[in-house]
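> Questions regarding the structure given below will be posed in turn.
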Amino acid sequence: MSAPGSGHEFPTEEVSWQKRDILLFANSIGCKADELQFLYELHPNFAVFPTYSLILPFKLTDQEVTDFYARQKAMKIPGVPDLDSRYGVDGQRKLTVLKPLPPTSAGRKFELRNRVIGVYDKGKPGTVIETEQSIVDKESGEVYSKVLSSAFLVGQGGWGGPKGAKTTIDMNEIIGPATVSFPPPEGKSPDAIHVVQTSLETAHLYRLNGDYNPLHATPEPGQKMGFGGTIIHGLFSWNSAAHGVLRELGGSNPANLKEFQARFAAPVHPGDKLITDIWRTGNVSADGFEDVRFVTKNQSGKVVLSNGLCLLKVIGSKSKL
């Protein structure tokens, strides 16, 4: 007998974007003035930052602010009780880029295909939901990207579902089935370091991409969830780390990033400094992509992104270590 919700496919949904959306995303994750290929629509190599597809399940076709809670509540999973999205946080994300998105979807039809991999009952701490989301050309059926995601619904367990892997309930360990770990090389100094200084308004800018969760805009939801107030989107930290890895070792060339994943280990608060340590492993595939590891910490040394792995064509380092 299959686990509740396993294999359930949500109805396909149309997604679209304009060049303006691409520019906003690049600005919101920290692209720099010497990376005009992401920031200037008339640049001869103007391109979509390769992790942009992660925002499309939030944005869909919208150009206006949306009701985050209402949209999440509408996503029913058979065999699983209704869960309150107001108490949801990210667990981890893994992106595989199969083909770069065009700078605009105009004249094309793209859709989001979203299916449930598993739903895991962690008892009193909450429930984990794992999904796979693909961005697909509706007419050709060609898949542009795939994202494996896990979300944790705080305090919403105990409904009798499968438990998945044994965990300690820490944001670094909120996972469903057992996952492979990707630690940095032991005893080796980072090959590059990327630093991002967030502000009190960082999340207010990032949410304009289409992720309008109130948890990242006003303190009340975070206070109720035990975070002490507003926290920055986990996907801001994830995307800004992706930018850092691509900038520091991949020459800011979007074609050099094939896969990127990380686990959300701790919340990031407005004003935190994010330091991403990046290591080369020397393990290079036949197609030239190297296994690059990374860890992101805040100014106090607390890990906020763990289990970081990027498949990257490495062309050098910009960091002064």
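The values are calculated or read from the model by the stated rules, or taken from the named source; none is laboratory data. What you see is a predicted model, and the numbers here were worked out from it, not measured in a lab. Note that each Cβ is placed from the backbone with ideal geometry, even for glycine, and that neighbours are counted across all protein chains shown. Heads up: the accessible areas ignore ligands, DNA and RNA and are worked out on the full protein's heavy atoms, side chains in. Shrake-Rupley method; radii C 1.70, N 1.55, O 1.52, S 1.80 Å.
> Scan V284, V292 and give me the residue that is in contact with a strand residue (DSSP E or B) (Cβ under 8 Å, 6 or more places away or on another chain), closer than 15 Å to D191 by Cβ and open to solvent by less than 20 Å² (accessible area, probe 1.4 Å).
Of V284, V292, the one residue that is in contact with a strand residue (DSSP E or B) (Cβ under 8 Å, 6 or more places away or on another chain), closer than 15 Å to D191 by Cβ and open to solvent by less than 20 Å² (accessible area, probe 1.4 Å) is V292.
> Among the aliphatic types (A, V, I, L, M), in contact (Cβ under 8 Å) with a residue 24 or more places away in the chain and part of a strand (DSSP E or B) - does that describe any residue in the range 243-266?
Checking the range 243-266: at least one residue is among the aliphatic types (A, V, I, L, M), in contact (Cβ under 8 Å) with a residue 24 or more places away in the chain and part of a strand (DSSP E or B).
> Please tell me if G107 is more than 17 Å from L56 (Cα to Cα) and either without any contact (Cβ under 8 Å) to a residue 12 or more places away in the chain or surrounded by fewer than 17 Cβ atoms within 10 Å (Cβ to Cβ) (or both).
yes
> Here's something else I'd like to know. What's the total number of residues in the range 85-101 that are open to solvent by less than 40 Å² (accessible area, probe 1.4 Å) and not basic (K, R)?
Residues in the range 85-101 being open to solvent by less than 40 Å² (accessible area, probe 1.4 Å) and not basic (K, R): 9 in total.
> Being crowded, with 18+ Cβ neighbours inside 10 Å and assigned to a strand (DSSP E or B): is that true of T131 here?
Yes; evaluated as a whole, the condition is true for this residue.
> Do we have any residue at all in the range 137-146 that's touching a strand residue (DSSP E or B) at 6+ places or on another chain (Cβ under 9 Å), aliphatic (A, V, I, L, M) and open to solvent by less than 20 Å² (accessible area, probe 1.4 Å)?
No - not one qualifying residue is present in the range 137-146.
> Select from the range 46-69 the residues that are more than 21 Å from L148 (Cα to Cα), at pLDDT 90 or above and out of contact with any strand residue (DSSP E or B) (no Cβ under 8 Å at 6 or more places or on another chain) and list them in ascending order.
Within the range 46-69, F46, A47, D62, Q63, E64, V65, T66, D67 meet the criteria.
> If you don't mind, another one. Consider L23 against the criteria (1) under 15 Å from P254 (Cα atoms); (2) touching a residue at least 24 places away in the same chain (Cβ under 8 Å); (3) surrounded by 13 or more Cβ atoms within 10 Å (Cβ to Cβ); (4) not acidic (D, E): it satisfies all of them except one. Which criterion is unmet?
Checking L23 against (1) under 15 Å from P254 (Cα atoms); (2) touching a residue at least 24 places away in the same chain (Cβ under 8 Å); (3) surrounded by 13 or more Cβ atoms within 10 Å (Cβ to Cβ); (4) not acidic (D, E), the one that fails is (2).
> I've got another one for you. Could you list, in sequence order, the residues of the range 176-231 that are aliphatic (A, V, I, L, M), in contact with a Gly (Cβ under 9 Å, 6 or more places away or on another chain) and surrounded by 15 or more Cβ atoms within 10 Å (Cβ to Cβ)?
A192, I193, V196, L215, M225, I231
Okay, residues lined up against (1) within 28 Å of L305 (Cα to Cα); (2) at pLDDT below 95; (3) not small (G, A, S):
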site: A33; (1), (2), (3): yes, no, no
site: L39; (1), (2), (3): yes, no, yes
site: P44; (1), (2), (3): no, no, yes
site: R71; (1), (2), (3): yes, yes, yes
site: I77; (1), (2), (3): no, yes, yes
site: V89; (1), (2), (3): yes, yes, yes
site: T104; (1), (2), (3): no, no, yes
site: V116; (1), (2), (3): yes, yes, yes
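> Something else now. Find the residue count for the range 7-20, including only residues that are surrounded by fewer than 20 Cβ atoms within 10 Å (Cβ to Cβ), in contact (Cβ under 8 Å) with a residue 12 or more places away in the chain and either out of contact with any Asp or Glu (no Cβ under 7 Å at 6 or more places or on another chain) or in a loop (DSSP other than H, G, I, E, B) (or both).
So the answer is 7.
> Hey, S150 hits all of (1) open to solvent by 30 Å² or more (accessible area, probe 1.4 Å); (2) out of contact with any Pro (no Cβ under 6 Å at 6 or more places or on another chain) but one; which does it fall short on?
Result: S150 fails condition (1) only.
> Would you check if P4 is touching a helix residue (DSSP H, G or I) at 6+ places or on another chain (Cβ under 7 Å), surrounded by 20 or more Cβ atoms within 10 Å (Cβ to Cβ) and in contact (Cβ under 8 Å) with a residue 24 or more places away in the chain?
Judged against the criteria, P4 is not a match.
> Something else: Restricting attention to helices (runs of 4 or more DSSP H) lying wholly within the range 27-84, give those where 1 or more residues are exposed (fewer than 14 other Cβ atoms within 10 Å of the Cβ).
68-73
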